[in-house]
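Have a look at the structure below before the remarks.
The values are calculated or read from the model by the stated rules, or taken from the named source; none is laboratory data. Just so you know, these numbers come straight off a predicted model, no measurement behind them. Backbone-built Cβ (ideal geometry, glycine too); neighbour counts: all protein chains shown.
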Amino acid sequence: MSERFEGQPVSLWVATAGATGYPPLAGGIEVDTAVIGGGIAGLTAALALKRAGHSVAVLEAARVGTGVTGHTTGKVTSLHRLAYTALAARHGQDTARGYGQANQAAVEHIARVVAEEGIDCDFRRVANYTYAETDEALALVRDEAALAARLGLPAGIPGCGTPRRPAGHRRDRAGLAPGA
């Protein structure tokens, strides 16, 4: 039996975030860099530019943090399904390693910025799992975990691993509430 919900879907982050009230740009402004978009990517770029001594303006058409950012899961991780197996097969282990290291560096960068700026976003590190529903899928997940570990990523098999149970490789992951 499927349940039908009335109304429009609403993001948890958008529904629970405090309102922002930035005025529209009234006339011209001169800055070193204009960042278009007030989501995580735009605000992160603006902060990096500001820290580097640039004058910056962030231009957002709607409410800050309510576009793509406001509709995310808030998951911050270097885990992306079985990405490393596919990357290594198609482009080699050096490319897969570079991709993984860049993603893990991004996790650490976000953790650092949250701490340095005192951002109240419920950031925390938690275990992350890839689930397998069949023996074949479990074998693929185990292979991915072994490869990820060889590439220098925080991966492993957490001691469970029967089909249809939470199993797979564990990585250091973090979560945050984008609208906090």
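Summary table
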quantity: Residue in segment 136-149 that is assigned to a loop (DSSP other than H, G, I, E, B) and either surrounded by 11 or more Cβ atoms within 10 Å (Cβ to Cβ) or at pLDDT 80 or above (or both) present; calculated: no
quantity: Residues (over 16 Å from the mean Cα position of the chain (by Cα), crowded, with 16+ Cβ neighbours inside 10 Å and in a helix (DSSP H, G or I)) located in segment 82-135; calculated: Tyr84, Thr85, Leu87, Ala88, Ala96, Arg97
quantity: Hey, Ala61 exposed (fewer than 11 other Cβ atoms within 10 Å of the Cβ), without any contact (Cβ under 8 Å) to a residue 12 or more places away in the chain and either more than 30 Å from Leu153 (Cβ to Cβ) or in contact with a helix residue (DSSP H, G or I) (Cβ under 6 Å, 6 or more places away or on another chain) (or both) or not; calculated: yes
quantity: Residues satisfying the stated conditions in segment 18-41, i.e. of a type outside the set (A, V, I, L, M, F, W, C) and not in a loop (DSSP other than H, G, I, E, B); calculated: Thr33
quantity: Boolean, Arg51 is among the basic types (Lys, Arg), on the phi < 0 side of the Ramachandran plot and modelled with pLDDT of 95 or more; calculated: yes
quantity: Residues located in segment 39-58, provided they are exposed (fewer than 15 other Cβ atoms within 10 Å of the Cβ), hydrophobic (A, V, I, L, M, F, W, C) and more than 20 Å from the chain's Cα centre (by Cα); calculated: Ala52, Ala57
